[in-house]
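To keep things clear, I will list the structure first and then write my remarks on it.
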Amino acid sequence: MKSQWIGLALGVCASQAAIAASSVDSDISLDSGEKAELVLQASKGMYYRGALKSSHPVAHARLFDEDAQLVQEWIRPNEQEGEVFWLVESSQNYRLSVGGVYDDTVVKVTLKPIETRTHPQGAQPPAFLSPFVEQLYLTSQIEAQDNRHSQLDVLWQKVVDSGTPLIEPNADGSAIATFFWRGDVYGVRVFGAPYGGHSEMEQIGNTDIWYLSIQIPDGARLSYQLAPNIPQLTDADPREQRMAILATAQRDPWNTQPWMVDGESKFDVQSTFTFGDAPSDEWTKPLGAPRGEVSHYQVASKILGNERKVSLYTPHGEATLAKDAPLLIVFDGEAYLRRGPAATILDNLIYQGLIPPIRALFVNPAQKHLRGIELPPNPDYARFMAEELMPWLKARHGVDPQPKDTILSGSSYGGLGSMYIAFQYPNRFGKVLSQSGSFWWSHPNQEPQWLTREMAASPRKPITIYLNAGLFETGRSATDILETNRTLRDVLIAKGYDVTYREFASGHDAFSWRVTLADGLIALLADENKK
């Protein structure tokens, strides 16, 4: 394996508000088994946005610091593109390492420095939801410095010992959950669930302790990250500023329940917690069930002019499975296999007799950037599913389920796409399992909830439907997941559809979806399992 070294200075800045004069626009060429390393000299406080796009899948594209510690993973193994959100934590030479899988691979690297501004310290809120936070604040007001610091350290040790978020139960079964950050920063936000997504922490007096307290109901299951020192852009549209949180969103260092979902750096790990009578996640764990097999394929589409990776799950003992056995089709398949883990969930549910033996096809976008084009209502993509993917499955694998035994499933845009495609082709897809579906969506310059209005105005189709949404998926006006799912539920019931609807104490959150997937499968396949 040989290395290709390319030196490129991003520029040295004296202050956070400075901006490097040059951007990166470079091609890295490599063959199978080769490694190329791009040397990036960057200064603390600089913020870079950009992307990597490869002509072929790569083994990796990872950023390392001078101590060979992983900073960020910019392209996952066997993928071709990745988006960059990089806030430089210290001034040094960084190495972007790219590994080749195929000959004649060209990786285009583009990075652009974006100007940022400094931040005033946040104001102290007048009231405290958490009694413990109020105690911290009162302690911070002690005049004697040595006494103040020692008492704060004693209180902080309680946070460290209990783990975060700190849970203070209420008499009615709910609780106050408080997230904390400690350090010399100009601001911190909680990113992820609860669905506010970018909730600002407040500073406690003049201390280095920051907090956010929320009320949570019994049964809450959430994952989140903390984002200190988010770059504040001087010239950027609102979406670009909102996306800048990805430059610093990382695991909560005081949380004791990490969930590694995408890689090995602190930016790839979610922090989690559950409270009270939360739905069990036992089906996501190995329970001794015989393991099914997952095989991977590339499927080309003439309709769409591209090809994509799909993965076929077949349960243990597949030889006895009829060609018309139930079929589950899952959008964003790689994420469900990796984060679910969906194959383990299917193994357990089948082994426990909660669902009949089924096959599952995990479908991925042709490229990451096409997800938002393919999954929202797209007639060509629906045609691909009905007229190309299903015939391929029959011709290649002899799989030919009845429509009533074919489930389309996904989360967010995947839930929206599942409903739309089944609505267009009920003769192919007779069941829908939607998790936090994005039913707020509409075509540009049209009223929200386009698909809901279409289904309300059309005759009922022979589709059986399972919907779920999170109690924290609210508060974002037109894109309110919870309310738009409730509206669709009401429309479907009024039209006479067979609908199962569930709400969970969760957010827009794969940590919850991996659990509620089992709930949806049991609800949709219960009758099949009695046969």
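Some notes on this structure:
- When residues in the range 241-269 are screened for being at pLDDT below 90, open to solvent by less than 40 Å² (accessible area, probe 1.4 Å) and not in a loop (DSSP other than H, G, I, E, B), 0 of them pass.
- Put simply, of Thr139, Thr116 the only residue that is among the hydroxyl-bearing types (Ser, Thr, Tyr), more than 29 Å from Phe267 (Cα to Cα) and open to solvent by less than 60 Å² (accessible area, probe 1.4 Å) is Thr139.
- Test set (1) modelled with pLDDT of 95 or more; (2) over 28 Å from Asp277 (Cα atoms); (3) of a type in the set (Val, Ile, Thr) - Thr500 fails condition number: (2)
- Residues of the range 135-179 satisfying the condition of being outside any helix (DSSP H, G or I), in contact with a helix residue (DSSP H, G or I) (Cβ under 9 Å, 6 or more places away or on another chain) and more than 17 Å from Ala220 (Cα to Cα): Gln141, Ile142
- Subset of the range 502-522 (residues that are open to solvent by 40 Å² or more (accessible area, probe 1.4 Å) and assigned to a helix (DSSP H, G or I)): Asp519, Ile522
- Look at the range 319-332: where a residue is more than 28 Å from Pro377 (Cα to Cα) and a partner is among the polar types (S, T, N, Q) and open to solvent by 10 Å² or more (accessible area, probe 1.4 Å), sitting 6+ places away or on another chain with Cβ atoms under 8 Å, you get Leu321/Thr314.
- Of the numbered criteria (1) without any contact (Cβ under 8 Å) to a residue 24 or more places away in the chain; (2) open to solvent by 60 Å² or more (accessible area, probe 1.4 Å); (3) in contact with a helix residue (DSSP H, G or I) (Cβ under 8 Å, 6 or more places away or on another chain), the one Gln446 fails is (3).
- Put simply, of Ser265, Ser213, Ser223, Ser199 the only residue that is hydroxyl-bearing (Ser, Thr, Tyr) and under 24 Å from Phe64 (Cα atoms) is Ser265.
- Top-ranked residue in the range 69-78 [being assigned to a strand (DSSP E or B) and within 17 Å of the chain's Cα centre (by Cα); ranked as farthest from Lys266 (Cα to Cα)]: Ile75
- All of (1) out of contact with any Asp or Glu (no Cβ under 9 Å at 6 or more places or on another chain); (2) aromatic (Phe, Trp, Tyr); (3) at pLDDT 95 or above hold for Tyr186 with one exception: (3).
- Of the criteria (1) out of contact with any Lys or Arg (no Cβ under 6 Å at 6 or more places or on another chain); (2) farther than 21 Å from Glu89 by Cα, which one Val261 fails: (1)
- Residues satisfying the stated conditions in the range 426-443, i.e. closer than 15 Å to Asn378 by Cβ and either free of Cβ contacts under 8 Å to residues at least 24 places away in the same chain or surrounded by fewer than 21 Cβ atoms within 10 Å (Cβ to Cβ) (or both): Ser442, His443
- Among residues of the range 175-218, those that are more than 21 Å from Asp153 (Cα to Cα) and among the acidic types (Asp, Glu), counted: 2
- Elements of type strands (runs of 3 or more DSSP E) contained in the range 180-235, each with 3 or more residues being over 22 Å from the mean Cα position of the chain (by Cα): 209-216
- Qualifying residue in the range 176-185 (condition: within 30 Å of Asp480 (Cα to Cα) and surrounded by fewer than 20 Cβ atoms within 10 Å (Cβ to Cβ)): no
- Any pair with Cβ under 9 angstrom, 6 or more apart, that starts in the range 359-381 at a residue that is closer than 24 Å to Leu349 by Cα and modelled with pLDDT of 95 or more and ends at one that is open to solvent by 30 Å² or more (accessible area, probe 1.4 Å) and charged (D, E, K, R): Arg359/Glu318; Phe362/Lys309; Phe362/Glu334; Val363/Lys309; Asn364/Lys309; Asn364/Glu334; Asn364/Arg371
- Residues in the range 465-501 that are in a strand (DSSP E or B) and buried (at least 17 other Cβ atoms within 10 Å of the Cβ): 9 in all.
- Helices (runs of 4 or more DSSP H) completely within the range 377-432 that count 1 or more residues being small (Gly, Ala, Ser), in contact with a helix residue (DSSP H, G or I) (Cβ under 9 Å, 6 or more places away or on another chain) and within 21 Å of Thr314 (Cβ to Cβ): none
- Residue list for the range 456-481, restricted to those being among the aliphatic types (A, V, I, L, M), under 20 Å from Ser411 (Cα atoms) and free of Cβ contacts under 8 Å to residues at least 60 places away in the same chain: Ile463, Ile465, Leu467, Ala469, Ala478
- Ser434 of a type outside the set (A, V, I, L, M, F, W, C), closer than 25 Å to Gly292 by Cα and at pLDDT 95 or above: yes
- Cβ pairs under 6 Å, 6+ apart, first in the range 345-356 and of a type in the set (A, V, I, L, M), second open to solvent by 20 Å² or more (accessible area, probe 1.4 Å): Ile345/Trp283; Ile350/Pro357; Leu354/Ile522; Ile355/Asn529
- Hits in the range 311-342 (condition: at pLDDT below 95, among the aliphatic types (A, V, I, L, M) and over 27 Å from the mean Cα position of the chain (by Cα)): Ala319, Leu321, Ala322
- Scanning the range 481-531 for residues that are within 11 Å of Gly470 (Cα to Cα) and acidic (Asp, Glu) yields Glu483, Glu503, Asp509.
- Among the residues of the range 86-102, some residue qualifies, meaning at least one is under 16 Å from Ser29 (Cα atoms) and not in a strand (DSSP E or B).
The values are calculated or read from the model by the stated rules, or taken from the named source; none is laboratory data. Bear in mind the structure is a predicted one, so any value in this text is a computation, not a measurement. When we count neighbours, we look across all protein chains shown, and the Cβ atoms used for this are built from the backbone with ideal geometry, even at glycine. Accessible surface areas use protein heavy atoms only, side chains included; no ligands, DNA or RNA. Shrake-Rupley method; radii C 1.70, N 1.55, O 1.52, S 1.80 Å.
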